[in-house]
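J.: Shown below is the structure under consideration.
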Amino acid sequence: MSAAILRLVQFEKTPRGRAKLAQQKSTRPRHTLVGSHIADLAILGKAIVLTKDEARRFNHSAHNYATNPKLPCVSGYSDASGEWTSEGILFLRKE
Amino acid sequence: MRYSGRLGGGTPTILKYQAGENMAIAGVPVEIAGSGGYGLQIVETTTAIGVIGLTLDIATVANSQAANADTERSISVIVNPDAIYRALLSGGSTSSTALTEGTEDTGSSNGLLVSTNVDYSSPAMDETGIFGTSGANAGFARKITSLSGADAVLITAFPMDSAVGDKFIAVPFSISGSQATQINAMDKQFVELTGTWDQVNAAVAVDTDNVNFLPLRLILPPDLNKARTQTFVDLINYDHLYGAGQLA
């Protein structure tokens, strides 16, 4: 799995973030990665869907991804957490 | 082609699937592979059975094992059965070919006949649509209800008389309306895709194929001088796996 996606799911930099994550884990089952066999962003392909929260934490420009203004909101399963979202953000890899 | 909305409104739903063949460009419709196949396959130019949706990805398939890597290649697909796909109209089987434009050679004093240098009997354009691109009827569309030799006959007249030199473009599906409002398709007539499956081939006879995409609306450019290269059609898939089901 790519470092970018791994960080997105499991890494919280601040104590506040870690506390929030711990609280979430205590109230709902931890999500396993859907499609965890997918090795990295390159194999994930050109398009990935993230939840709003995940999208905020995804350094998309560093990985050469950008949002599509024509598709500002999509539904689907997050490629990071596997959560269903009807307010997902679509990122497309810049060619 | 690209996603341009949903009949029912709401957001597009995107799911990931295995690519069953190389997909050099994004924005092509894909269908299930069927028995013995795997992954999703690009539809054919003349048929599309069990369509899943429209791709957002490209893929190069590699099925052999590789060290520390999964060889399955996934693609993202917009899967809504009521999705509207917008495709450029091409004047041939090669994408981005300019549309054939006819130039009026006799003129019409009642707006019921279009007689240009184009033979509307080959490919057969009876029961299709035609719109003006220059002259008094520019931006107006009508259904061709019959042919008189090589000429197009209408039941509903164009609003103005046609003059020699006026220009018209025929498309292989029926339409009516005006550019100022909407030019919508009216009949159950399937279209044919171009060789790279990303555009609609407008240089074919009406409804001779069964690609299972129905025209919904014609979109003309603001500048009709560019209609030959910038006219789009919105399509609805007629045989979606999660909608009407697999017909055959």
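The values are calculated or read from the model by the stated rules, or taken from the named source; none is laboratory data. These figures come from a predicted structure and were not determined experimentally. Cβ coordinates were reconstructed from backbone atoms using ideal geometry, including for glycine residues, and neighbour counts include every protein chain displayed. Please note that ligands, DNA and RNA were not included when accessible areas were found on the heavy atoms of the full protein model with its side chains. Shrake-Rupley method; radii C 1.70, N 1.55, O 1.52, S 1.80 Å.
J.: Would you please name the residue that is most open to solvent (accessible area, probe 1.4 Å), looking only at residues in the stretch B:60-76 that are of a type outside the set (Ser, Thr, Tyr) and within 9 Å of chain A (Cβ to nearest Cβ)? Steps first, please.
T.: So the first thing to find is which residues in the stretch B:60-76 are of a type outside the set (Ser, Thr, Tyr), and the list is B:61-63, B:65-70, B:72-73, B:75.
Now drop any that are not within 9 Å of chain A (Cβ to nearest Cβ), which leaves B:68-70, B:72-73, B:75.
Details: B:Asn68: 160, B:Ala69: 48, B:Asp70: 39, B:Glu72: 68, B:Arg73: 65, B:Ile75: 0 Å².
Here the answer is B:Asn68.
J.: Which ones in the stretch B:10-25 are outside any strand (DSSP E or B) and either open to solvent by less than 60 Å² (accessible area, probe 1.4 Å) or over 25 Å from A:Cys73 (Cα atoms) (or both)? Full working, then the answer.
T.: Taking the stretch B:10-25 first, the residues outside any strand (DSSP E or B) are B:10-12, B:20-22, B:24-25.
Those that are outside any strand (DSSP E or B) and either open to solvent by less than 60 Å² (accessible area, probe 1.4 Å) or over 25 Å from A:Cys73 (Cα atoms) (or both): B:Thr11, B:Pro12, B:Gly20, B:Glu21, B:Asn22, B:Ala24.
J.: Answer yes or no as to whether A:His60 is buried (at least 16 other Cβ atoms within 10 Å of the Cβ) and either at pLDDT 80 or above or away from chain B (no Cβ under 11 Å) (or both). Before the answer, list the steps.
T.: Numbers: buried (at least 16 other Cβ atoms within 10 Å of the Cβ): yes; either at pLDDT 80 or above or away from chain B (no Cβ under 11 Å) (or both): yes.
Judged against the criteria, A:His60 is a match.
Quick grid of which residues meet (1) of a type outside the set (A, V, I, L, M, F, W, C); (2) under 22 Å from B:Thr60 (Cα atoms); (3) more than 12 Å from chain B (Cβ to nearest Cβ):
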position	(1), (2), (3)
A:Val49	no, yes, no
A:Lys52	yes, no, yes
A:Tyr65	yes, yes, yes
A:Asn68	yes, no, no
A:Cys73	no, no, no
A:Glu87	yes, no, no
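J.: For the stretch B:108-133, how many residues are open to solvent by 30 Å² or more (accessible area, probe 1.4 Å) and either of a type in the set (Phe, Trp, Tyr) or over 23 Å from the mean Cα position of the chain (by Cα) (or both)?
T.: Qualifying residue count, the stretch B:108-133: 5.
J.: So if I check each of B:Asn184, B:Asn212, which one is of a type outside the set (Lys, Arg), modelled with pLDDT under 95, under 24 Å from B:Gly53 (Cβ atoms) and open to solvent by 40 Å² or more (accessible area, probe 1.4 Å)? So that I can check it myself, show each step before the final result.
T.: Values: B:Asn212 fails: open to solvent by 40 Å² or more (accessible area, probe 1.4 Å).
One residue alone meets the criteria, B:Asn184.
J.: Please find, among B:Asp161, B:Asp151, B:Asp105, B:Asp166, the residue that is within 19 Å of B:Leu220 (Cα to Cα), in contact with a strand residue (DSSP E or B) (Cβ under 8 Å, 6 or more places away or on another chain) and open to solvent by 10 Å² or more (accessible area, probe 1.4 Å).
T.: B:Asp166
J.: Restricting to the stretch B:61-90, what's the tally of residues that are in a loop (DSSP other than H, G, I, E, B) and in contact with a strand residue (DSSP E or B) (Cβ under 8 Å, 6 or more places away or on another chain)?
T.: Going through the stretch B:61-90, the residues in a loop (DSSP other than H, G, I, E, B) turn out to be B:61-65, B:67-68, B:70-73, B:79-82.
Restricting the remaining residues to those that are in contact with a strand residue (DSSP E or B) (Cβ under 8 Å, 6 or more places away or on another chain) gives B:61, B:72-73, B:79-82.
Qualifying residue count for the region: 7.
J.: Looking only at residues in the stretch B:27-50 that are under 17 Å from B:Thr194 (Cα atoms) and either touching a Cys at 6+ places or on another chain (Cβ under 8 Å) or not in a loop (DSSP other than H, G, I, E, B) (or both), which one is farthest from the other protein chains (Cβ to nearest Cβ)?
T.: So the residue we want is B:Thr47.
J.: I would also like to ask the following. Are there any pairs, at least 6 apart or on different chains, whose C-beta atoms fall under 9 Å, with the first in the stretch B:1-26 and at the interface with another protein chain (Cβ under 10 Å from one of its Cβ atoms) and under 22 Å from B:Pro215 (Cα atoms) and the second among the acidic types (Asp, Glu) and open to solvent by 40 Å² or more (accessible area, probe 1.4 Å), and if so, which?
T.: From the stretch B:1-26, the pairs are B:Thr11/A:Glu87.
J.: Between a first residue in the stretch B:39-55 that is under 24 Å from A:Ala47 (Cβ atoms) and a second residue that is open to solvent by 40 Å² or more (accessible area, probe 1.4 Å) and polar (S, T, N, Q), which pairs have beta carbons less than 8 Å apart while being 6 or more apart in sequence or on different chains?
T.: B:Gly39/B:Gln18; B:Leu40/B:Gln18; B:Gly50/B:Gln246
J.: Of the residues in the stretch B:169-181, how many are hydrophobic (A, V, I, L, M, F, W, C) and surrounded by fewer than 22 Cβ atoms within 10 Å (Cβ to Cβ)?
T.: So the count comes out to 1.
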